[in-house]
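The values are calculated or read from the model by the stated rules, or taken from the named source; none is laboratory data. All of these numbers come straight from a predicted model, not from anything done at the bench. Because the Cβ atoms are built from the backbone with ideal geometry, glycine has one as well, and the counts that use them run over all protein chains shown.
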Amino acid sequence: MDRRLLLVGLSSSALLGLAGCNPPADNSSGGGGATGAPSSGGGGAGGGSGDSIKVGMYGDMTGDTATFGQSMKKGLDLALDEINASPPLGRKLEVVVEDDRGKSDEAVSAVTKLITQDKVQAIIGEVASSNSLAAAPKCQQEKIPMITPASTNPEVTRQGDYIFRICFIDPFQGSVMAKFAFSSLKARKAVILSDLGSDYSKGLSQFFKETFLQLGGQVVAEQSYQKGATDFNAQLNSLKGSNPDVIFVPGYYSEVGTIARQARDLGIKAPMLGGDGWDSPKLFDGAGTALEGCYFSNHYSAESKDERVMKFISAFKAKFAGEVPDAMAALSYDTALLLVDAIKRAGGVESEKLREAIATTKGFAGVTGSITLDEERNAKKPAVVLQIRGKEFKYVETVQP
Ligand code: PHE
């Protein structure tokens, strides 16, 4: 029922439809999974042959790391404003959003529904690498191009030639932070605290470690936690015993704040370092001031003076009540526009042609940098290092790949 509403809304105005219906529709249809949702027929009727082009988005609109999905949708909505102001090939873009609540099994259900019921022609998502990894094989099997804006684990695009990403990967991100720790902070002894259930966190830990050791540093202790944990005292106490120069915490914002606060309460003074998973307007919720002076790597800086970035930020603020877009929103905005660029070059959305057009993207000018996809369907892009000061992320440096 919600979906039918969405489709009706979209046929007259894609944007109204999106803005008006998404949050309630996500909760009901996403929760119901692929089999529970009624095949309200609207999806089939609109799929492929109609005037509009249907694109699916899946992500966590609710759950522990819900700013990931919410920012992805905001970036997408802003891109849609521009796209549908002059529709590609005269066809409006219509987006169907599925909430997977940040769970891998629901990510699979979400893309299954988008493909089989909604008949989308391309899919944008997920944010968390574990969820992209879970859902990618279905997109590959059905030959529906999937572009993840943000999943950085190298395995994601290895799921097949229909799976793309427009961001850098974790071997690079890990090396950026290892070099920063070693060279800029002069750290020689690092410890790592990782999220055991996250492919992102496990991978990034490993890549950080590899580079840090190569540089001549030591990783003197490693500890882990499970997503959703709230008490990190045992791990932190043990790490404290190693007297580290830096603590690398490649987790998601949902736990990082609490980890930082508990670390400071235990008297640990070493700076904490992290990756893109820290980036969220909610990072400070559990942290108070405990993250002051800490550093993380990211895909863009909202302080950039680049004209494209400044334009994006002011348009985003105007649309979303003054909110400063996080990296996820910027990446998602870029993903939608890159997809449309490929659709135009493909002359439509025929699966193989669209796949080929995305794969041959070169020098696409995004807010998060220039995007060229390599033969492994990854983007080589610079990373930025940001420092937390007050409640702001201050630009420190840009690292080229
Ligand atoms: N790179 C993270 C992952 O692969 C996801 C992420 C990207 C989170 C950007 C926040 C911002 O899981």
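The table below gives the values:
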{"item": "Unique residue being surrounded by fewer than 19 Cβ atoms within 10 Å (Cβ to Cβ) and under 29 Å from ALA110 (Cα atoms) when the list is PRO171, PRO145", "result": "PRO171"}
{"item": "Subset of the range 148-168 (residues that are surrounded by fewer than 24 Cβ atoms within 10 Å (Cβ to Cβ) and either over 16 Å from LEU339 (Cα atoms) or of a type in the set (Gly, Ala, Ser) (or both))", "result": "PRO154, GLU155, ARG158, GLN159, GLY160, PHE168"}
{"item": "Residue within the range 313-321 that is of a type in the set (A, V, I, L, M, F, W, C) and exposed (fewer than 15 other Cβ atoms within 10 Å of the Cβ) present", "result": "yes"}
{"item": "Hey, GLY160 within 19 Å of SER201 (Cα to Cα) and not hydroxyl-bearing (Ser, Thr, Tyr) or not", "result": "no"}
{"item": "Single unsatisfied condition, VAL127 versus (1) within 15 Å of the ligand (Cβ to nearest atom); (2) more than 22 Å from SER254 (Cβ to Cβ)", "result": "(2)"}
{"item": "Count of residues meeting criterion [surrounded by fewer than 20 Cβ atoms within 10 Å (Cβ to Cβ), under 18 Å from SER280 (Cβ atoms) and of a type in the set (Gly, Ala, Ser)] in the range 205-258", "result": "2"}
{"item": "Qualifying strands (runs of 3 or more DSSP E) (wholly inside the range 219-304; at least 3 residues being within 11 Å of the ligand (Cβ to nearest atom))", "result": "295-298"}
{"item": "Residue identified as closer than 15 Å to PHE296 by Cβ, outside the structural domain of GLY63 (by TED's automatic domain parsing) and surrounded by fewer than 24 Cβ atoms within 10 Å (Cβ to Cβ) among LYS269, LYS282", "result": "LYS282"}
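One line per residue, one yes/no per condition, for (1) away from the ligand (no atom under 16 Å from the Cβ); (2) among the acidic types (Asp, Glu); (3) at pLDDT 95 or above:
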site: SER40; (1), (2), (3): yes, no, no
site: GLY46; (1), (2), (3): yes, no, no
site: GLY56; (1), (2), (3): yes, no, yes
site: ASP64; (1), (2), (3): no, yes, yes
